[in-house]
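One structure below.
No value in this document is a laboratory result; all are computed from the given coordinates. Here the structure is a predicted model, which is why all the values come from computation and not from measurement. Because the Cβ atoms are built from the backbone with ideal geometry, glycine has one as well, and the counts that use them run over all protein chains shown.
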Amino acid sequence: MKLLYTPNSPYARKVRIVAKEKHINIALQEVVLGDPDSPVKQYNPLGKIPVLVLDDEEALYDSRVIVEYLDDRTPVGKLVPNDHSARIAVIRWSALADGICDAAVSAMLESRKPRQQQSAVFIEKQIAKVTAGLEKLNKDISKKKWCVNETFSLADISVGCMLAYVGLRFKKLNWQDNYLNLAKHYSVLIKRPSFKETAPTLSL
Ligand SMILES: N[C@@H](CCC(=O)N[C@@H](CS)C(=O)NCC(=O)O)C(=O)O
């Protein structure tokens, strides 16, 4: 099994953390998304990473599908609970964290266009989604240790990956000072080996 990934993708990091937390070995294949010879399209018609290529060459995407696949491979340390209401809560937290990443990625890509082609209105709209999402998560995490039912889950992993990504791309949002409940939550998460070993390294 191999994972096509880029080191800074929050979605791919989520998958890498889930694999580590579940003690599942996956080979990593770093790709360059802009490279015309990148193998990604061969496996995912959408051209997006992460993609998990199974031993029989079947490809799984997107990150939400891959994390469920990995979580179901072993009952040890379930990250998406079986209980219906806990499961819905976990995937809802995760959907919001991923949605914030979607808006942050869109704003970042727009800001990389030549200045005349950029839309300031579009960027502002995406950043507003990021800050509204951060506010909601900051309120919901409140004084809790973990996002759902006081148990570490996929919700915490998704939130942690999103926070690291927003910090990497939008330092000026200064989320660590503006969302103190999230900052406290993050300070606990980054002590886990799975987070330390997957920290983004590049600023590209
Ligand atoms: N919903 C997808 C999002 C994946 C995604 O947007 N990945 C980005 C990298 S961070 C990508 O591959 N972008 C390339 C493209 O959109 O062409 C997931 O959860 O896997």
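Modelled label positions at residue 105 and residue 177, each set 7 Å beyond Cα in the direction of Cβ, lie 3.0 nm from each other.
Classified by the C-alpha gyration tensor, the chain has an oblate form. Its axis ratio a/c, with a ≥ b ≥ c, is 1.5 or above, and a/b does not exceed b/c. May I ask you to derive the FRET efficiency for residue 82 and residue 57 from their Cβ-Cβ distance with R0 = 25 Å, giving the value to the nearest 0.05? The pair residue 82/residue 57 has a calculated efficiency of 0.25. Assuming charge only on the beta carbon of Lys and Arg (+1) and of Asp and Glu (-1), the dipole of the chain about its Cα centre is about 880 debye to the nearest 20.
Quick one: net charge of residue 104's neighbours, Cβ under 10 Å, K/R +1, D/E -1?
So the environment of residue 104 carries a net charge of +1.
Here the calculated FRET efficiency for residue 151 and residue 65, from their Cβ-Cβ distance with R0 = 25 Å, stands at 0.65, rounded to the nearest 0.05. For a straight C-alpha distance cut-off of 22 angstrom, the lysines reachable from residue 136 (same-chain residues fewer than eight places away being disregarded) are 14, 125, 144, 145, 171, 172, 184. Label-to-label distance for residue 128 and residue 30 is 3.8 nm, based on points extended 7 Å past Cα in the beta-carbon direction. The gain in end-to-end length when the residue 117 to residue 23 segment is fully stretched comes to 29.3 nm, 0.36 nm per residue minus the alpha carbon separation.
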